[in-house]
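The values are calculated or read from the model by the stated rules, or taken from the named source; none is laboratory data. Being a predicted model, the structure only gives us computed values, none of them experimental. With ideal geometry, Cβ positions are generated from the backbone for all residues, glycine too; neighbour counts draw on all protein chains shown. Note: accessible area is taken over every heavy atom of the protein model, side chains too, but ligands, DNA and RNA are not part of it. Shrake-Rupley method; radii C 1.70, N 1.55, O 1.52, S 1.80 Å.
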Amino acid sequence: QAHLVESGGGLVQAGGSLRLTCAASRSIFSINVMGWYRQALGDQRELVASISNGGRLHYADSVEGRFTISRDNVKDMVFLQMNSLKPEDTGVYYCNADPPGPRRNCIWCDWGQGAQVTVSS
């Protein structure tokens, strides 16, 4: 049973937008930092955005100014608004704690199926 379920991926043309949603089956209130990760084909998974409970934001240079991460601790959801998408944004997007679980900061945070994002040129 996946505890983190991503949705909202799809095929979009360059310049378009998508909004990803991560629904957690447990409370994320106690997890200080949640993040969105991306894995392109043949590449390692990388952190693209993170948000702390205090509202501290971090973005990878490649997405700065185009992506916006947010979280809703009441609904146990994390979101990623992606604008001005580029072909190099193509990949599978996952949410997890930062650093990713399962580990002490979130013992139930395992990798879900992810959401496929494909950006055509």
Every residue from the stretch 12-42 that is among the hydrophobic types (A, V, I, L, M, F, W, C), farther than 13 Å from Y93 by Cα and part of a loop (DSSP other than H, G, I, E, B): A14, I28, F29, I31
Scope the stretch 47-79; condition assigned to a loop (DSSP other than H, G, I, E, B) and open to solvent by less than 50 Å² (accessible area, probe 1.4 Å); matching residues: G55, A60, V63, R66, N73, D76
Answer residue from the stretch 87-107, given it is surrounded by 15 or more Cβ atoms within 10 Å (Cβ to Cβ) and part of a loop (DSSP other than H, G, I, E, B) and is farthest from the chain's Cα centre (by Cα) among those: N105
Residues satisfying the stated conditions in the stretch 108-118, i.e. over 17 Å from N73 (Cβ atoms), open to solvent by less than 60 Å² (accessible area, probe 1.4 Å) and part of a loop (DSSP other than H, G, I, E, B): D110, G112, G114
Residue within the stretch 31-44 that is within 20 Å of V74 (Cα to Cα), over 11 Å from the mean Cα position of the chain (by Cα) and open to solvent by less than 80 Å² (accessible area, probe 1.4 Å) present: yes
Long-range neighbours under 9 Å by Cβ, at least six apart or interchain, first residue over 20 Å from Y93 (Cβ atoms) within the stretch 43-56, second among the small types (G, A, S) and assigned to a loop (DSSP other than H, G, I, E, B): N53/S30
Test: residue in the stretch 67-79 that is in contact (Cβ under 8 Å) with a residue 60 or more places away in the chain, on the phi < 0 side of the Ramachandran plot and in contact with an Asp or Glu (Cβ under 9 Å, 6 or more places away or on another chain): yes
Failed criterion for A115 (all others in (1) more than 15 Å from G9 (Cβ to Cβ); (2) in contact with a Leu (Cβ under 6 Å, 6 or more places away or on another chain) hold): (1)
Members of the stretch 1-35 found to be of a type in the set (A, V, I, L, M) and in contact with a Ser or Thr (Cβ under 9 Å, 6 or more places away or on another chain), listed by number: A2, L4, V5, L11, V12, A14, L20, A23, V33, M34
